[in-house]
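The values are calculated or read from the model by the stated rules, or taken from the named source; none is laboratory data. Since we're looking at a predicted model, the values are computed, not measured. Using ideal geometry, Cβ is built from the backbone for each residue, glycine included, and neighbour counts are taken over all protein chains shown.
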Amino acid sequence: MSEYSEQLMADVVAKNPSEPEFHQAVQEVVDSLELVFEQHPEYKSARVLERAIEPERVIMFRVPWMDDRGAVQVNRGFRIEMNSAIGPYKGGLRFHPSVNLGILKFLAFEQVFKNALTTLPMGGGKGGSDFNPKGRSDAEVMRFCQSFMTELQRHIGPNTDIPAGDIGVGGREIGYMFGQYKRLANEFSGVLTGKGRNWGGSLIRPEATGYGAVYFAQEMVKTRGQELAGRTCLVSGSGNVAQYTVQKLNELGATAVTMSDSSGYIHDPEGITPEKLEWIMELKNVRRGRISEYAEWMRGSVYTPFDASASQNPLWAHEADCAFPSATQNEINAEDAKNMIKGGVTVVSEGANMPTTADGVGVFMQAKILYAPGKAANAGGVAVSGLEMAQNSMRYSWTREEVDNRLQMIMADVHSSCVEAAERFGTPGNYVNGANIAGFLKVADSMIDQGLV
Ligand code: NDP
Ligand code: 2IT
C-alpha cells in the first residue's frame, strides 16, 4: 500500500470507529484505486476519494411503535445519503436486528459504485432499521413501517432520494411505506421502487437481482468459451435474491443444490427443481417458515444447522462448479473460499453485498477463478429499480420481455465495463479492480465537473 493509501485508511478508521464493515469496503476500493492514482494524480489532488468516503448526509431517527400486546417498542431508523454526483440518492432499506450505522455506511458506499456501473443516472444511498420483522404480525409490521416513514418522508422524494427493498424489506413493507408516504405527502409518485404491479411497480423487479447475478456469471463463463448449462451450483440464502437465482439457473439448465437461512442450510443432491423452488417460495414468502422444513418434506435432502462458533460454513464445502452467495455480508471467509476451490468451484457471482471477507477474496484471486464482487454481479436489482423510475416518469410500463432484455443488456454492459477497466489499468481478469475503477471514474469525473460541493 502507498503512503497516501495508508494515511487515508488510518484516517477512515480513526474517524469512523466501530465500523469494521465500512473500513473493509473502503479498503477494497482504496487498494484498487492505487492503480488509477499512479496514472492520474489529479484525483488525489482534488481529494475526490476523501470526499466520496464522507456521506453527503446521515439521518438517524427514533421509530416508536406499539406491538400487538399494547407494549411500546422503540427502534432506530437510518438513511445514509452517500453521493448524488450522478443522480438522486438510490438504494435499499434493510430491516434486521444487526443493522447499525457502520453496516449501512458500507452498503451505501458500495451502492455508489454499483449504481454508476448500471449506466443509469442514480446516486447512492442506503437505510433501514434494527427492527426485527421475524415473528411479527402483519399489523405490527404495518405500524412499524408507518412510524418509520412518518420521519423518513421529510428527507426523501422522487427527485431526491428513492429507497427500495433489501434484507427484511420486500413487497409487503414497500406497500405499507408507500401508503404512508402518499398520505403524508399528498402525492402519488415514484418515491420508492419495488412497488406492487398494480400501483407503479415494474415487471421483473422482484426477479432482477437474482436473474442479474446469473446473467453476470453467464458473461464471465463466455470469456472462457463455456456456458452454465449442466453445472452444479451452491446458493446461500432463501430470500428474494436466492429464490430468483435458483429460478434462472433452472431455466438455463444448471442445478442448484443448496439454499440457507440464518439458522442452517439444506443440501439436495438431486437439485432444487422448479417444483421444489415453488414450495420454498410458499414456505418463505407466504408461511414465513424456516428452511429446515424443506428437509422434512423432501426425501434425500439434508438439513444442517449452522454452528455460530465454527470457523467454517459447511455449505461452501460441497463439490460444485459455481457459487452464488445470496444471504449477507462476510458469509465466506478464507477457509470457506479454500474449501470452495478444493470442491471444484471456478465461478463465484455475488448476489449479496460483500459476502466474502477480504482474505476470502484473496484466495479467489490467487486461484484465478472467475470472481465477480457484489457491486458488479448484483447490480441488476438496482438497475431494474432505475427502469421502474423511468417507467414512473413516463407514466407508462414496459412488458416483461422489454424489461428483461434491458436487464440482460445492462448486465452485459456492467461486465464489459469491468473487463475494460481491469485491462486498461494492467490487471486483466480482475473484476474487483474493474468494478471499483470503472465505478469510481464515472463518479469522480462528475464530482469534479460539479465543483467543490
Ligand atoms: P431477504 O430478506 O429476502 O433474504 C435474506 C436471506 O438471507 C434470508 O434467507 C435470510 O435468512 C438470510 N440472512 C439474512 N441475514 C443473515 C445473517 N445475518 N446470517 C445468515 N443468513 C442471513 O433479502 P434479499 O434476498 O433481498 O438480500 C440478500 C442479499 O442480497 C443481501 O446481502 C442484500 O444486501 C443483497 N442484495 C439485495 C438486493 C435486492 O434487490 N433485494 C439487490 C442487491 C443486493 P432468515 O430468513 O433466517 O433471515
Ligand atoms: O443492494 C442493492 O442494490 C439493493 N438492495 C437494491 C437497491 C434498489 O434501489 O433497488
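Structure notes:
- Residue in segment 399-412 that is surrounded by 14 or more Cβ atoms within 10 Å (Cβ to Cβ), in a helix (DSSP H, G or I), small (Gly, Ala, Ser) and touching a helix residue (DSSP H, G or I) at 6+ places or on another chain (Cβ under 9 Å) present: yes
- One residue alone among 182, 195, 222 is under 19 Å from the mean Cα position of the chain (by Cα) and of a type in the set (Lys, Arg), and that residue is 195.
- From the list 237, 190, the one residue that fits, being surrounded by 19 or more Cβ atoms within 10 Å (Cβ to Cβ), more than 26 Å from residue 390 (Cα to Cα), under 23 Å from the mean Cα position of the chain (by Cα) and within 16 Å of ligand 2 (Cβ to nearest atom), is 237.
- Scanning segment 217-224 for any residue that is in contact (Cβ under 8 Å) with a residue 24 or more places away in the chain and closer than 24 Å to residue 108 by Cβ turns up nothing.
- Residue within segment 207-216 that is over 25 Å from residue 374 (Cα atoms) and either surrounded by fewer than 23 Cβ atoms within 10 Å (Cβ to Cβ) or aromatic (Phe, Trp, Tyr) (or both) present: no
- Some residue of segment 23-32 being without any contact (Cβ under 8 Å) to a residue 40 or more places away in the chain, surrounded by fewer than 16 Cβ atoms within 10 Å (Cβ to Cβ) and over 20 Å from residue 129 (Cβ atoms): no
- Taking first residues from segment 311-330 that are farther than 26 Å from residue 110 by Cα and partners that are of a type in the set (Val, Ile, Thr) and assigned to a loop (DSSP other than H, G, I, E, B), the Cβ contacts under 6 Å between residues at least 6 apart in sequence or on separate chains come to 320/345.
- When every residue of segment 377-396 is checked against the conditions, at least one turns out to be at pLDDT 95 or above, more than 16 Å from ligand 2 (Cβ to nearest atom) and of a type in the set (D, E, K, R).
- Selected residue (only one of 192, 152 is under 16 Å from residue 81 (Cα atoms) and within 16 Å of ligand 1 (Cβ to nearest atom)): 192
- Remark: residue 126 matches the filter, which requires a residue to be basic (Lys, Arg) and either over 28 Å from residue 401 (Cβ atoms) or more than 13 Å from ligand 1 (Cβ to nearest atom) (or both).
- Any hit, segment 272-291, residues being closer than 22 Å to residue 98 by Cβ, among the small types (Gly, Ala, Ser), within 13 Å of ligand 1 (Cβ to nearest atom) and out of contact with any Leu (no Cβ under 7 Å at 6 or more places or on another chain): no
- Subset of segment 413-422 (residues that are free of Cβ contacts under 8 Å to residues at least 60 places away in the same chain and either buried (at least 16 other Cβ atoms within 10 Å of the Cβ) or within 18 Å of residue 205 (Cα to Cα) (or both)): 421, 422
- Members of segment 41-93 that are assigned to a loop (DSSP other than H, G, I, E, B) and farther than 21 Å from residue 112 by Cα: 67, 68, 69, 70, 71
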